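A short write-up of the structure that comes next.
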Amino acid sequence: MSTSVVPARARRAGTARPDATTVSCPPWRPAAGRLHSWDLSTGVDGPGTRFVAFLAGCPLRCLYCQNPDTWHMRDGSATTAGEVLSTVAGFAPFLRTAGGGLTVSGGEPLLQRAFTRALFAGARELGLHTALDTSGALGARAGDDLLDLTSLVLLDIKCWDPAGYRRLTGGELRPTLDFARRLARRGTPVWLRYVLVPGLTDDLDDVAGLAGFAASLGNVERVDVLPFHRLGAAKYERLGIPFPLRDTEPPDAALIGRVRDRFRHAGLVAY
C-alpha cells in the first residue's frame, strides 16, 4: 500500500508474459479495475516470493506516505482482473515453489473491493496464497466473500492514539480497530505493520497500548516495525507536492529496538 515504508522497487507495468496462460474470471465477479503497477518481492509483502499488484487510489493522506503517485484512481491504468491474472499465471509455478503467492496492495485495495475479490478468486484457482495489504480504514467494505478468499491480512495500524492517528492520516482510527476485531473473530491470520516515525509514532506508552490490543486479538502472527525513511521525497518533488516530513530524521537503532521490545513484551513476535 502507498503508506508502506519499504523502499520503492522497480515496479513493472501489468503486461502479460509471452508464455502466460489466459485466466478468465467467472462473469459474476466484476473484474474491471485500475492498476498502478506490479512487482515481484521476497520477504516484505507476505510469506515467500510474492507477485504484488499495486492498485490505484487511497482515502488516507499519511504524512509519511512514500507513494503519492498512487493516491488517485487516475494514477492507475484501466485493466481487468483477467488481464492481471494472465500475468500472474506465468509466474504461478515459481510462486508456489517459493512458498509465496499474490499480494494486493496499493494505494488502498479495498477502495476497489470487487477488483480485489476477483484477483483473489483467480489466484485461488491458480493454487496461490493470497495477502491483502490494507490500512483497514475501509475494512467495512471487505465482505465475507472477499475475506473467505484471503489467506493473510497485512494490517497497517498507523497510530494508537485517535487524535494522533487523525493528525497523521487525515482519517479515523476506529474503523481499523473494528476491522482488526472482525478479523480476529474470523480467525484470519494478521501480520501487523507499524511505521516508526520520530516525533509522531514513537511514544512508548502508545506503542504499549497498541501491543496490548494486538496481543489480545489472538490472530496476530507477527509485527513488522518499519523505520521511516525519506526515499519517496523525489516523488513529491516530481509531482509538485510538498513532502511534510522532509526534515524528519529516520529513527536510530536504539529507538527501533525499544519499540520492538514493547511488542515483544506483550508476547508478540516483532521484527
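Quick look at the numbers
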item: Only one of Leu138, Leu126 that is under 18 Å from Arg185 (Cα atoms) and surrounded by fewer than 22 Cβ atoms within 10 Å (Cβ to Cβ); result: Leu138
item: Any hit, region 160-167, residues being modelled with pLDDT of 95 or more, of a type in the set (Ser, Thr, Tyr), touching a Phe, Trp or Tyr at 6+ places or on another chain (Cβ under 9 Å) and surrounded by 13 or more Cβ atoms within 10 Å (Cβ to Cβ); result: no
item: Filter result for Asp75 (acidic (Asp, Glu), surrounded by fewer than 20 Cβ atoms within 10 Å (Cβ to Cβ) and either at pLDDT below 95 or under 20 Å from the mean Cα position of the chain (by Cα) (or both)); result: no
item: Residue match in region 201-210 (condition: surrounded by 20 or more Cβ atoms within 10 Å (Cβ to Cβ) and at pLDDT below 95); result: no
item: Any hit, region 24-36, residues being of a type in the set (Gly, Ala, Ser), touching a Gly at 6+ places or on another chain (Cβ under 9 Å) and modelled with pLDDT of 95 or more; result: yes
item: Residue in region 203-222 that is part of a loop (DSSP other than H, G, I, E, B), without any contact (Cβ under 8 Å) to a residue 40 or more places away in the chain and either in contact with a helix residue (DSSP H, G or I) (Cβ under 9 Å, 6 or more places away or on another chain) or of a type in the set (Asp, Glu) (or both) present; result: yes
item: Qualifying residue in region 105-118 (condition: free of Cβ contacts under 8 Å to residues at least 12 places away in the same chain and either surrounded by fewer than 24 Cβ atoms within 10 Å (Cβ to Cβ) or of a type in the set (S, T, N, Q) (or both)); result: no
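The values are calculated or read from the model by the stated rules, or taken from the named source; none is laboratory data. Computed from a predicted model, the values in this text were never measured in an experiment. Virtual Cβ from ideal backbone geometry, glycine too; neighbours counted across all protein chains shown.
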